[in-house]
1. Divide the volume of the convex hull of the Cα atoms of segment 47-126 by its number of residues and quote the answer in cubic angstrom per residue.
2. Would you calculate, for the chain, the mean residue ellipticity at 222 nm contributed by helices, counting each DSSP H stretch of 4 or more residues as -39,500 (n - 2.57) and dividing by all residues, to the nearest 500?
3. Once fully extended, how much extra length lies between SER101 and GLN139, figured as 0.36 nm per residue of separation less the alpha-carbon to alpha-carbon distance?
4. Take every Cα-Cα distance within segment 73-217, group them into 10 Å bins from 0 onward, and report for each bin the whole-number percent of pairs it holds.
5. Efficiency by 1/(1 + (r/R0)^6): what FRET value for LYS129 and ASP219, r their Cβ-Cβ distance, R0 = 45 Å, to the nearest 0.05?
6. If I compute solvent accessible area with a 1.4 Å probe over the protein chains, what percent of it on the chain is carbon and sulfur?
7. Under a 5 Å amide H to amide H cut-off, with H placed in plane at 1.01 Å, what residues pair with ASP258 once short-range neighbours are removed?
8. Ratio of alpha-carbon Rg to the 2.2 N^0.38 Å globular estimate for segment 147-273, to two decimals, please.
Amino acid sequence: MTEAARAAAADPTGTHLQGEVPLDVNGMPHGQPVLDSLVALLDLERIEENIFRGVSPASSTIRVFGGQVAGQALVAAGRTVPEERRVHSLHAYFIRPGDPSIPIVYEVDRTRDGRSFTTRRVVAVQRGKTIFSLSASFQIDEGGLDHAEPMPDVPDPETLPTFGERVGEALAKLGPPQPRPIDVRYVTEPPWVSRENGPREARNQVWMRADGALAVPDDDLLHVCIAAFASDMTLLDAPLARHGVYWGLDGVVGASLDHAMWFHRRFRADEWLLYDCASPSASGGRGLATGRFFSQDGQLVATVVQEGLLRVND
């Protein structure tokens, strides 16, 4: 739906979809209209058989959010794969900053179609240059060995404050309010709070879910793409917590460098997922973070690894 994506880009608060948009305690748009706008942005325009075009929200900052380009690239790959084959892994590199003021063209290479697995490679292009590349593998449903690590013991998400309630007065320092299609509830102390007490364990835990209901509940690819979008939101908070610094407050400059995800079991992105993130290492101006997504019933549904550029200016 090209027109829907364009409308979502021009009006990321979602007023073109639902009329009045709910605001949280800090005035940030959230809820179903904002989620509907994100879904529209993921609904790419097909230009040719293996070429798609996406846009960015008008509220974007100076560069395209990494989770957005990852989600759109995965949509492009999935549009060339039979529905019965579900994505089980992706590996991506963020090569250049994306410009949110112009469209992004996604070119899909149909690398292989095997009996059980399908492989796709996608490059995202702006002004004739690659800004992002992604490889994704899809598989038919199969049986086999089955085990998983248990979910950490954490409070239920409904007992925790919303992001708007937690961010409080720090919002003015963290940047202008942005529409939030993902409901995030911090389990560990938010890093903009914990930094006041200095370094702590390199761990960050949040509950998150799409802030509304996804209209197509059985669209596995959409749920995975929403999770890919959300996975880039709090992952690098873990290495920052270890050093008692945070974006916008301590001269931290950073960007995602590469990103990998493995999808183990089916899940719904509009139901609560625990995102348990940790950082085993930071060096050379880079920080490594790992994340695990658990469904609320304790199932490990996805694993994430990302390395990001992390510089602290004096």
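1. Values: hull volume 7.6 nm³, N = 80.
Spread over its residues, the Cα hull of segment 47-126 gives 95 Å³ apiece.
2. Details: 9 runs with 68 residues, N = 314.
Estimated from H runs of four or more residues: -5500 deg cm²/dmol.
3. Working: separation 38, 0.36 × 38 = 13.68 nm, distance 3.55 nm.
Stretched fully, the SER101-GLN139 segment lengthens by 10.1 nm.
4. 9, 23, 29, 29, 11, 0
5. Numbers: r = 32 Å, r/R0 = 0.71.
Working from the Cβ atoms, E equals 0.90.
6. Numbers: 7340 of 14540 Å².
Using a 1.4 Å probe with all protein chains present, the chain comes out at 50 percent carbon and sulfur.
7. Excluding prolines and chain starts, which carry no amide H, the hits are PHE94, GLU307.
8. Numbers: Rg = 15.5 Å, N = 127, 2.2 N^0.38 = 13.9 Å.
Ratio of Cα Rg to 2.2 N^0.38 Å: 1.12.
The values are calculated or read from the model by the stated rules, or taken from the named source; none is laboratory data. In this text the structure is predicted, and so the values were computed from the model without any measurement. All Cβ positions, glycine included, derive from the backbone under ideal geometry; neighbour counts span all protein chains shown. Just the protein is used for accessible areas: all its heavy atoms, side chains included, with ligands, DNA and RNA removed. Shrake-Rupley method; radii C 1.70, N 1.55, O 1.52, S 1.80 Å.
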